[in-house]
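Scroll down for the structure; my scribbles are underneath it.
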Amino acid sequence: MKEGGKEKVEKITFDDNRLANQLFGVQGEHLRRIQRALGVRISTKANTIIIYGDDIEVDLSRRLIQELYSLLKKGYPLYPSDIDYSIQILSSDNSVNLEEIFLDTIYISSKRGVITPKSIVQKEYLDAIRHYDMVIGIGPAGTGKTYLAMAMAVSFLFKKEVERIVLTRPAVEAGEKLGFLPGDMYEKVNPYLRPLYDALHDMMDFDKASKLIERGIIEVAPLAFMRGRTLNDSFVILDEAQNTVSEQMKMFLTRLGFNSKAVITGDITQVDLPENKNSGLIEIQGILKDIRGISFVYFSEKDVVRHPLVTDIIRAYEKAESRARLKGLKGHNRG
């Protein structure tokens, strides 16, 4: 609040009542989200809104609302969660244009509708996939690393920019000891590959995906199945790469053939390997950092696109791990 209790007041009038109502949300839900997040008060009358509050918050609210209205004018279907993402984006970098992010349509899913980036880093990730043949996405769960890569892969396939999609991940945490598991090969590996199938079926209906898998146009396989192959004209995704050991990662990296793209995703804070095994994903950050044709993209809790509690949980764990490291250092120094 300004000195003397005087607050800033900003008035915005919209030229389309229908779009204004979409902007306000059902029973004003979108505006309530803005009020809660930015600490302003917003009143409405017909196609006009008035914003009350401190200078910075009012200015941010005004810009946010104007950019969201512009998105609606261009046909973007605004959802309540988009309000939260937009606030996060503009709060972290007020030079960003929301249109450049939200109107970057990757793919139109049969189930989810239009798939677009929801953060600055997600947009950088997609641009990296477009411009580099190998992209490594590192960050916590829920940041869209695998999902967006999958959407890009399906888009490349349907545009005939590649001839097939190969989806792979380590089958088990400690060396893919499939022979010790019960059942035939499919039954052994399927539980570990299930998340890749789930993401794929989010992009297209089950029958279409099944037919493409039957024809070998889409392949879902454990990482061990990549050995000895050269993958030409393919979009290859290695998921859960933090659980590859050095030899597995080197093997995968050298599978890439002509006219192919590879996207490697993982969370280096969630390594499930035995203590005597080094994570291939952690290692390649140093080994590949100077290769011009490779792009590293790093996600943070700001890019989480799951339930808002997920972001809070990630932050809480990071704080706890930081305290534990600090306590460990103090104990070491005393020793």
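The values are calculated or read from the model by the stated rules, or taken from the named source; none is laboratory data. Worth saying up front: this structure is predicted, and the values here are computed from it rather than measured. Methodologically, a virtual Cβ is constructed for each residue, glycine included, from the backbone with ideal geometry; neighbour enumeration extends over all protein chains shown. Note: accessible area is taken over every heavy atom of the protein model, side chains too, but ligands, DNA and RNA are not part of it. Shrake-Rupley method; radii C 1.70, N 1.55, O 1.52, S 1.80 Å.
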Open item on the list: With the cut-off at 1.5 for a/c, could you classify the stretch 1-107 from its C-alpha gyration tensor as rounded, prolate or oblate?
Closed with: oblate
Open item on the list: With every protein chain kept in place and ligands, DNA and RNA left out, what is the accessible area per residue of the stretch 245-297? Probe 1.4 Å, answer in Å².
Closed with: 57 Å²
TODO: Leaving ligands, DNA and RNA out of it, report the carbon-plus-sulfur percent of the accessible area of the chain at a 1.4 Å probe.
DONE: 51 percent
Open item on the list: Once you compute Rg and the Kirkwood Rh from C-alpha atoms, what is the Rg to Rh ratio for the stretch 40-82?
Closed with: 1.00
- [ ] Grab the beta carbon distance between Gln285 and Asp104, set R0 = 22 Å, and tell me the FRET efficiency rounded to 0.05.
- [x] 0.25
Task: Only Lys, Arg (+1) and Asp, Glu (-1) charged, at Cβ; the chain dipole about Cα centre in debye - done: 320 debye
Task: Estimated distance in nm for a label pair at Lys208 and Glu321, the labels positioned 7 Å out from Cα along Cα-to-Cβ - done: 3.7 nm
Open item on the list: I need the P(r) histogram for the stretch 259-310: all alpha carbon pairs, bin width 5 Å from 0 out to the longest distance, whole percents.
Closed with: 4, 12, 22, 20, 18, 14, 7, 2, 0
Task: Kirkwood hydrodynamic radius (C-alpha pairs) into Stokes-Einstein, the stretch 62-140, 25 °C and 0.890 mPa s, D in µm²/s - done: 182 µm²/s
Task: Calculated FRET value between Asn97 and Thr269, using beta carbons and R₀ = 51 Å, to 0.05 - done: 0.95
Task: Stokes-Einstein translational diffusion, the stretch 221-261 - Kirkwood Rh over all Cα pairs, 1.567 mPa s, 4 °C, in µm²/s - done: 123 µm²/s
Open item on the list: Which residue fluctuates most in the GNM of the chain (Cα springs below 10 Å): Arg63, Arg18, Arg323?
Closed with: Arg323
Task: Spatial separation of Cα centroids for the stretch 1-54 and the stretch 225-247, in angstrom - done: 50 Å
TODO: Show the residues, 5+ positions off or on another chain, whose built amide H is closer than 5 Å to the amide H of Ile264.
DONE: Val135, Ile136, Gly137, Leu238
Open item on the list: Based on Cα coordinates alone, diagonalise the gyration tensor for the stretch 190-250, multiply each eigenvalue by 5, take square roots, and list the semi-axes in whole Å, largest first.
Closed with: 23, 15, 9
Open item on the list: Give the separation of the Cα centroids, the stretch 193-219 to the stretch 136-156, in Å.
Closed with: 16 Å
Task: Links that overshoot a 30 Å alpha carbon limit, given the list Lys45/Lys302; Lys73/Lys159; Lys74/Lys319 - done: Lys45/Lys302; Lys74/Lys319
Task: Percentage of interatomic Cα-Cα distances in the chain larger than 36 Å - done: 32 percent
Open item on the list: How would the stretch 5-65 be classified by its alpha-carbon gyration tensor: rounded, prolate or oblate, with rounded meaning a/c under 1.5 and the a/b versus b/c comparison settling the rest?
Closed with: prolate
